[in-house]
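Encoded as structure tokens, the structure appears first; notes follow it.
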Amino acid sequence: MYKIKNTERNNEKASDFETFSMLYLLGIRSDRDQIDLVLVDCFNDVTGSDDVVSRLWDVQSKGHKSNTPLQIGEHLITLYENFLTDFPFEHLILFLETVASIHVRDASLVIFGISNFTGESQEKIKEGLLREFARRNSILPSEIPTDKVNSFLESVDFVLCTKDKIKNIKNLIEFKNKDVRGDDFFIEIFNEIRGMQSNLKSTNVEYSVLNAPSDILFFRKYITRNQIVTLLVNRLVGIELFSNHGIPIDFIPYVEGMDREDVRDLIQNCVAAICRTFFDKNNKVNVWRFLEATIKFLMKDSTLGVEEIVGQIPEQTLRGVPTLDSTSTRFLIARIKDGLQ
Amino acid sequence: MILLAAGIGNLEEAFIEDRFTNDLNIIYSNDNNKGKTILIQSAMYSIGNSPIFPASLDIRRYFFYSKFSHNDRDIEFLRSGNSILVREQGVVSVFDTITDFKIYFNEEIFQLPRFVKDGRPIMADTSLFFQTFFLPQDKRNTSTVINGGQFNKSDFVLMLKALIDPNFSNLDIGEVDVLKNRRKELLQQIGLLSRRLSFAKENPVVARQVLQSVNNVNFQEQSDSLQKINSEISAYSTKRNRETNRLYKLQTLISELNSLNRNIEIGKIKCADCGSEKIVYSNGEFTFEVSNDIVRREVIASIRSQISNKIAAIAEYNNEISRLQIELQARLASIPAEVTDIIISREAVLNERDNDLKIAELNNELQLIEQRLAQQELFEKQSTQRVNETLAEIVGDMKRYYAEIDEVENSSIEGLFTKHNENFSGSEEQIFYFSKLVSISKHIQLPFPIIVDCFRDGEVSTDKELKMIREYQNLKKQVILTSTLKSQEYSSDKYPKSNTLNPIDYSQIQSNKLLQPSFCAEFEKILKAFNLELH
């Protein structure tokens, strides 16, 4: 059983920081491929998870300019409380803006364990945590069993934020011509993700009780990796809709044997249809359904052909986007596939 | 649509009227400033009308609500600024601009009339359309439309015509143009081929020479070089035509996208209490926007640059074509006349049989097109006649009603509007508008109630008023009128409740205090039903 507490609403700067921690889970961590979704403001500021919620990457993010070891210890409180539950918190991560170099042994590391802190700092961290835990539970610090605290501290990853919005977004996927886009382009996407994250925060789940980890999915307070990837792919495909004059390799079978000028007409029509789809804000739910399905299949198996992808997308999803006729649908899938290769 | 309730308010003060019946409703009071106009305007504003509220009301502070029954479905509308929320069977749809709402209205409630304005087919604005059944208290002017914006009285007439016969101005002008163009092409081709055919028949000598000279080397060379120029010209023309076609499509696309784009940038619901934009749709499905500003800007910019590239390319092709034509002329001039003849007629002679078949084929197609155009023309003529007849009947009935109520021999009414310098006022104005609304309602079946704010202003005598009320009742549909009574009339219980008359008395409301805290709980319930949580 898990009782949700300490959810919070905060300002833009703090939101930025939480978005960084989400992007850290999805784009930087070496085990990022195993994280399918990120829960927002459920167990913690952000919590990575696989799609059935059998493994959790719990992140406490603290975007303060400076942190004393004592404060770092206090920041660990939610992670520690989660550690004590029987929910599968496999990874416990404290995401920090900076740690002064006097507190650590090797200041060049951006991801490290408790052992990188100086001995004195380690003691302070522990003290801060114990004090905070005691305060919250109205007990004395001395009443807390220290072996649990020690094994907890051993398992925490301390991560320093690389506060580069552009790099954080670029990290998320490989896509053809990605690097020719200006900084604005990536910052805007960062802001969109942040916006979505704060939308999700505004749904209040405080004091709800969960029997199983996967119950949390019911609240729909999560962003999936696929959504983020789809967002990026959509923006990258969108921005070069008219400026990319190439015919995607996977679209060539559809124009084989056609007159050159006829091909040019056909492609202009396809691109125009996609433009109308991307500019139509009244159908966004259906458009995303279609895009997410396409990208999900492509990510699973990049060798799938266009027809195979179309075949796997539910008929209803295809019909949900009336601005795309069958040729334009295939053209868009071919463009996406082309970009991802 | 039948109006079931109307309201206005925020969390501090509100008012809701839900006593309407599906008959003649008269909201009356013994004095002005009881809020009748605010109520009527709220109902209309909530379904997309442009506001004509009293100046003292700061409309940014309030939500405007109405509930209608439409084809046995209850539909609720809630407007704040330019955003309108629509709730039907528990589902809330959000429209951030009046244009978006108009599209919804057109698809789900009533197909808005379309007509041609400034050469372009457009859909009537809700504000213009509502004037077929709604008359506000202020800004009246019998010689033109009320609060018209971009629309004038001839647009109103065109709109009525479209309401009488939706096909009237909905004729697909584009298709007729295409047919006409194709007819022109066919006639040209048939002419050319016929000339070739007759040339071969009428000039047997040349024809024979042609047949003999086909193998002559010198002739062949000359001929080939001319052929080459000719085919180059035709290749360039094809390219130019296709590029022109693409250019038109891009230009259309860009204006289409621009208008979508504009919609995207404006209209956000704000909390009326604190001005915050943080109003949460508590059960909405969160998704990203399909595109963002940067993407949209980039797309528009690339289309623009393609358009200018195409314009340049088309100019290039044109230059190339005229250069080749000059060259062709020069070549032809240097070749002996008889050889030119032979070259030109070679086509004709060698392909005589083919030409015959081709002409027959083209003639068939021409015939089909002629038939369709004739049909279209007949249809247009009939439709125009029918529409004009009905329009004349509407005006005729207007005159009749007017004469009847005003007890005059012959009214000076000549059309749906008075002449520019002939503005009716006082009781004449009331009777004019009455005649117009009733006559329109009689001839065009519109599924909306008749709503007249202040229907007897300007010293309309009791006698005339009773006649008007009777006619409104005869319409057998929901009618909502408002009226301010003199104290003497008020005390005599002027509008007795009956099966067909539903009097609603506003006299008890304190002057200028329509909005009251006592309605807040109910109004908040309405806001909640729209998933609006103000904080």
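Some points to look at:
- Any chance residue A:29 is buried (at least 18 other Cβ atoms within 10 Å of the Cβ) and either of a type outside the set (S, T, N, Q) or closer than 24 Å to residue A:209 by Cβ (or both): yes
- Meets criteria (open to solvent by 30 Å² or more (accessible area, probe 1.4 Å), without any contact (Cβ under 8 Å) to a residue 60 or more places away in the chain and farther than 25 Å from residue A:280 by Cβ) for residue A:176: no
- Elements of type strands (runs of 3 or more DSSP E) contained in the stretch B:31-103, each with 3 or more residues being under 22 Å from residue B:137 (Cβ atoms): B:63-70
- Within the span defined as the stretch A:281-302, one or more residues are within 13 Å of another protein chain (Cβ to nearest Cβ), at pLDDT below 90 and in contact with a Leu (Cβ under 8 Å, 6 or more places away or on another chain).
- Flag for residue B:251 being at pLDDT 85 or above and either more than 14 Å from every other protein chain (Cβ to nearest Cβ) or in contact with a strand residue (DSSP E or B) (Cβ under 7 Å, 6 or more places away or on another chain) (or both): no
- Residue within the stretch A:320-332 that is within 14 Å of chain B (Cβ to nearest Cβ), open to solvent by 50 Å² or more (accessible area, probe 1.4 Å), closer than 30 Å to residue B:244 by Cβ and part of a helix (DSSP H, G or I) present: no
- Annotation: of all residues in the stretch B:221-248 being more than 13 Å from chain A (Cβ to nearest Cβ) and hydroxyl-bearing (Ser, Thr, Tyr), the one that is least open to solvent (accessible area, probe 1.4 Å) is B:223.
- Any hit, the stretch B:143-157, residues being touching a residue at least 40 places away in the same chain (Cβ under 8 Å) and over 29 Å from residue B:421 (Cα atoms): no
- Test: residue A:331 is over 30 Å from residue A:33 (Cβ atoms) and of a type in the set (Phe, Trp, Tyr): no
- For the stretch A:101-117, the candidate set comprises residues that are in a strand (DSSP E or B) and out of contact with any helix residue (DSSP H, G or I) (no Cβ under 8 Å at 6 or more places or on another chain); within that set, the residue that is farthest from residue A:70 (Cα to Cα) is A:111.
- Complete set of residues in the stretch A:38-61 that are farther than 20 Å from residue A:207 by Cα and either open to solvent by 10 Å² or more (accessible area, probe 1.4 Å) or polar (S, T, N, Q) (or both): A:49, A:50, A:51, A:52, A:54, A:55, A:61
- Among the residues of the stretch B:405-422, those that are open to solvent by 100 Å² or more (accessible area, probe 1.4 Å) and closer than 26 Å to residue B:469 by Cβ comprise B:407, B:409, B:410.
- Complete set of residues in the stretch A:162-206 that are at pLDDT 85 or above, away from chain B (no Cβ under 12 Å), over 14 Å from residue A:231 (Cβ atoms) and not in a loop (DSSP other than H, G, I, E, B): A:165, A:166, A:167
- Some residue of the stretch A:237-256 being more than 8 Å from chain B (Cβ to nearest Cβ), in a helix (DSSP H, G or I), modelled with pLDDT of 90 or more and within 21 Å of the chain's Cα centre (by Cα): yes
- Residue count for the stretch B:95-137, restricted to those that are surrounded by fewer than 18 Cβ atoms within 10 Å (Cβ to Cβ), within 14 Å of chain A (Cβ to nearest Cβ) and aromatic (Phe, Trp, Tyr): 1
- Of everything in the stretch B:175-196 that is within 14 Å of residue B:363 (Cα to Cα) and open to solvent by 60 Å² or more (accessible area, probe 1.4 Å), the residue that is modelled with the lowest pLDDT is B:192.
- Which listed residue is open to solvent by less than 20 Å² (accessible area, probe 1.4 Å) and more than 9 Å from chain B (Cβ to nearest Cβ), from A:209, A:229: A:229
- Helices (runs of 4 or more DSSP H) fully within the stretch B:429-535 counting 2 or more residues that are open to solvent by less than 20 Å² (accessible area, probe 1.4 Å): B:462-474, B:520-529
- Test: residue in the stretch A:279-291 that is outside any helix (DSSP H, G or I) and closer than 30 Å to residue B:92 by Cα: yes
- For the stretch A:257-275, residues that are under 36 Å from the mean Cα position of the chain (by Cα) and facing another protein chain (nearest Cβ under 7 Å) total 3.
- Test: residue in the stretch A:305-315 that is open to solvent by 10 Å² or more (accessible area, probe 1.4 Å), more than 10 Å from every other protein chain (Cβ to nearest Cβ) and touching an Asp or Glu at 6+ places or on another chain (Cβ under 9 Å): yes
The values are calculated or read from the model by the stated rules, or taken from the named source; none is laboratory data. On a predicted model such as this, the values are computed, not experimentally measured, just so you know. Every residue, glycine among them, receives a Cβ derived from its backbone with ideal geometry; neighbour counts consider all protein chains shown. Heavy atoms of the whole protein, side chains included, go into the accessibility calculation; ligands, DNA and RNA do not. Shrake-Rupley method; radii C 1.70, N 1.55, O 1.52, S 1.80 Å.
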